[in-house]
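Taken together, the values in this text are just the output of simple stated rules run on the coordinates, not laboratory data. All values derive from a computational prediction rather than experimental measurement. Every residue, glycine as well, gets a Cβ built from its backbone with ideal geometry; the counts of neighbours run over all protein chains shown.
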Ligand SMILES: [Zn+2]
């Protein structure tokens, strides 16, 4: 019965796809179609998880001559072994998470969302409902940050940190086209430091690229930045770049640590508190303490100074406000965007109209949303429910109607 239904659905989909001519669709219809297929994909991956769970527990994989349940799943789904192992882990964890499993069964969670939630809720079951709810409103990147934060309070963080430190590596290999690839694993603080230095150099290259009208993507500029930093490290730079980053950009070579004052004093994080590098993840309080004496780090005591009251009547933004802003807006503030690379600081009320360089009047936007606001009459306002982004025709953005598409 189930198999018959499944076959009928698959046949329907197959004939729908056979007749589909996407070029004849309007943009709006194409967007609806994308939503529809995304829903089907979520339902299908939910079905795969449930079926894979039973493949494992029934031992049918053994009878079919596979070395493991994961090998069976990998072959059946055309994926590598690693993702298949992850799928089985998620499927198993969902068994004890009724709210999350219900959301998977009704096609509300993608497998990636389900995995993040399952791993966090396994350690803190009371967070399950809240995370499932958050998944429907927030991009995956934001959900991941939340889940990591929850995981950080649910286990011995220092032990986990030491394990990552022991497992650190940097590998390189050459692909068949001759390109050299890298893969590395670093502790969050060392990773954040490398990211900050590469990002600052990328910002400099991006500023030059904008001036010269080059349309090289940021990922390419980041690769150039890494090579330039390596060059600079191995010999003195004969042509030091005297032009710094644009004045409204954050001092991005600084690694920021966000830690609750109480946690810093106590030496451990309790529920509701954070000790993390925004954009990277939680770190043990011991590591934050060590970083606090390093000149490249600035520790923000979220309980100490009320930075929201600091205002500055000028076009330039003081470093203290930039730091507070980086901490407050780790991603583009437009609801549903989630971009964290190359953010630009926007005066919500323009400086020319008397807008102050105060925390209340500043927000970090991605390049695209900054451009829309500056040149296409999109508006941004701060409400009690957070930021509200309005398109020129008055339409409000929400995670459902992603404003980035137009
Ligand atoms: Zn954005």
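Computed from label points 7 Å out along Cα-Cβ, the spacing between residue 207 and residue 227 is 2.2 nm.
The share of alpha-carbon pairs in region 16-72 lying farther apart than 20 Å comes to 50%.
The stretch between residue 190 and residue 81 holds 36.3 nm of extra length on full extension. This uses 0.36 nm per residue minus the Cα-Cα distance. Segment residue 35..residue 15, full-extension length gain: 5.3 nm, with 0.36 nm per residue of separation and the alpha-carbon distance subtracted. Using a ≥ b ≥ c from the Cα gyration tensor of region 30-137 (square roots of the eigenvalues), is it rounded, prolate or oblate, where a/c under 1.5 gives rounded and otherwise the larger of a/b and b/c decides, a/b for prolate? Because a/c hits 1.5 or more and a/b fails to exceed b/c, region 30-137 counts as oblate. Once the C-beta distance of residue 174 and residue 8 is scaled by a Förster radius of 41 Å, the resulting FRET efficiency is 0.30 to the nearest 0.05.
Extension gain for the segment residue 167 to residue 327, taken as residue separation times 0.36 nm less the Cα-Cα distance, is 54.7 nm to one decimal. Exposure proxy ranking for 40, 117, 283, based on other Cβ atoms within 10 angstrom of each Cβ and starting from the fewest, stands as 40, 283, 117. Our analysis of region 169-234 gives Rg over Rh at 1.02, with the two radii drawn from alpha carbon positions and Rh computed by the Kirkwood formula.
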